[in-house]
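The structure under discussion appears below in the form of structure tokens.
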Amino acid sequence: KKEPIITKKDTAFLISGGIISIVIFVLTAVFFAVSSIWNNSTFIHEMVVEYYLDDGEYDSAVSYMEQIIKRSPEKASHRFQLCQIYMQFGQDEKAIEIYKIIAGSPQFTFDEQLAAVEKIVAYYEEKEEYERIAEYLTTIQDETIRLTYWNYMCVPVTFSQPEGTYASLITLKLESDG
């Protein structure tokens, strides 16, 4: 009589090892799924922030978003969310500073940088602070972004005398050497 290649004892060992492998695989998959959702889901963070804000806990909402940014500094969406909180509660200059960080950092995509510049320009435009827009735009390194807003870099002409005082205006023609 030939002895079986795999005995009952071997079969039990293989089955228990297989079950353990499956359990480890499932637990690992669940861990990575939850971890991925937690770290990458703007939706979850928005819900937590909304909870804090609904309870009037502005400082907790800000603190929460600052912690998320420290954990995932490469995510511009978290910074944009923090800016929204600041703007909502009158901390406009803090928001503008964060927008400037996003706009000036190569770690963020072109679209994220452009969106930050749009927020800055819209903020100053609403306040009719066109000189500040022009000033800010001159600091932007990316020429494509700067040229998107070239019209703001042309500061309107101001006159020293009241309207109607001047007999005529001379047209000024600008030429370049290149």
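The values are calculated or read from the model by the stated rules, or taken from the named source; none is laboratory data. Because the structure is predicted, anything quoted here is derived from the model rather than measured. Note: accessible area is taken over every heavy atom of the protein model, side chains too, but ligands, DNA and RNA are not part of it. Shrake-Rupley method; radii C 1.70, N 1.55, O 1.52, S 1.80 Å.
Figures for the structure shown
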{"item": "Accessible surface, per residue, of segment 55-107 when the full set of protein chains is kept, probe 1.4 Å, Å²", "result": "52"}
{"item": "Segment 76-141 - percent of accessible surface contributed by carbon and sulfur, probe 1.4 Å", "result": "47"}
